[in-house]
Amino acid sequence: EHIVVDNFLEEKHFKDVESKIMGRYFPWFYYDTIVKESERGQIGNQFFNMHMLYDNDRPTFSNSFEIMDPVLGELMKLDDPKFRMNTLIRVKINNYPNQGVFREHTMHTDWPSKGGLNRKACLFGINTCDGYTKLDNGKESVKIDSKANRAILFDPTIPHCSTNTTNDTRRVNINFNYF
């Protein structure tokens with residue numbers, strides 16, 4: 001099960017988050033693989049830039065919360081108790097550059113199967129482009145287009161994948177993992 005919520009943030013809050021992340025001086029960190037270690041460093045294969053905002057029970061940068069807070073506030077007051085946030089696990093911003101070729105990344109899970117834990121994810125879109133997120137619950141695959149200010153709420157223990165883009169300079173989203 002997944003939920004797609006367009007216009008997740010009020011426009012002024014979205015514009016504030018977007019301007020910080022898409023700004024010229026936002027720090028990005030290069031990773032030469034997205035999912036599989038065996039894909040590491042393969043030229044023209046899968047690479048991206050990432051900025052970890054929250055991990056190991058703490059923010060990673062002094063401004064992490066000013067970027068995360070608008071989305072966290074909405075996650076904590078969701079009507080659906082299955083997707084309402086109680087405890088934050090990890091937050092990372094993904095920046096998938098346009099490589100001139102459209103690439104669907106390897107299917108993966110953010111966490112191993114549930115084991116009784118109610119793990120959730122919110123993939124929050126920063127820009128609109130031809131990229132997408134694909135969810136595969138074993139019965140069907142669903143492609144959800146990348147759209148600015150769109151939240152995709154889902155179970156991160158089911159296989160899913162991301163893509164880059166070919167109609168913008170990059171595809172950017174924030175991945176919130178939580179209980």
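The values are calculated or read from the model by the stated rules, or taken from the named source; none is laboratory data. Since we're looking at a predicted model, the values are computed, not measured. Backbone-built Cβ (ideal geometry, glycine too); neighbour counts: all protein chains shown. Please note that ligands, DNA and RNA were not included when accessible areas were found on the heavy atoms of the full protein model with its side chains. Shrake-Rupley method; radii C 1.70, N 1.55, O 1.52, S 1.80 Å.
Before moving on, here are some points about what is shown:
- Stretching the chain fully between Glu104 and Lys20 yields a gain of 27.6 nm (0.36 nm per residue, less the alpha carbon separation).
- Share of carbon and sulfur in the accessible heavy-atom surface of the chain [1.4 Å probe, %]: 49
- Phe176 accessible area, 1.4 Å probe, all protein chains in place, Å² to nearest 10: 0
- For Asp79, solvent-accessible area (1.4 Å; no DNA, RNA or ligand), Å²: 140
- Taking label positions 7 Å along the Cα-Cβ direction at both Ser113 and Asn167, the computed distance is 3.9 nm, reported to one decimal.
- Cα-Cα over 21 Å, subset of Lys12/Lys134; Lys92/Lys147; Lys82/Lys147: Lys12/Lys134; Lys82/Lys147
- Label assignment, Rg/Rh (Cα atoms, Kirkwood Rh) derived from the structure, set [x] 1.01; [y] 1.10; [z] 0.93: [z]
- Here the dipole of the chain is about 200 debye; that uses its Cα centre as origin and unit charges on the Cβ of Lys and Arg (positive) and Asp and Glu (negative).
- One decimal place: the segment Asp6-Asn56 gains 15.0 nm when fully extended, by the rule 0.36 nm per residue minus the C-alpha distance.
- Rolling a 1.4 Å probe across the protein heavy atoms gives the range 91-157 an accessible surface of 42 Å² per residue.
- FRET efficiency, Asp32 to Asp130 (Cβ-Cβ, R0 22 Å, nearest 0.05): 0.40
- In the elastic network of the chain, a GNM with C-alpha springs shorter than 10 Å, the most mobile of Pro27, Pro156, Pro59 is Pro27.
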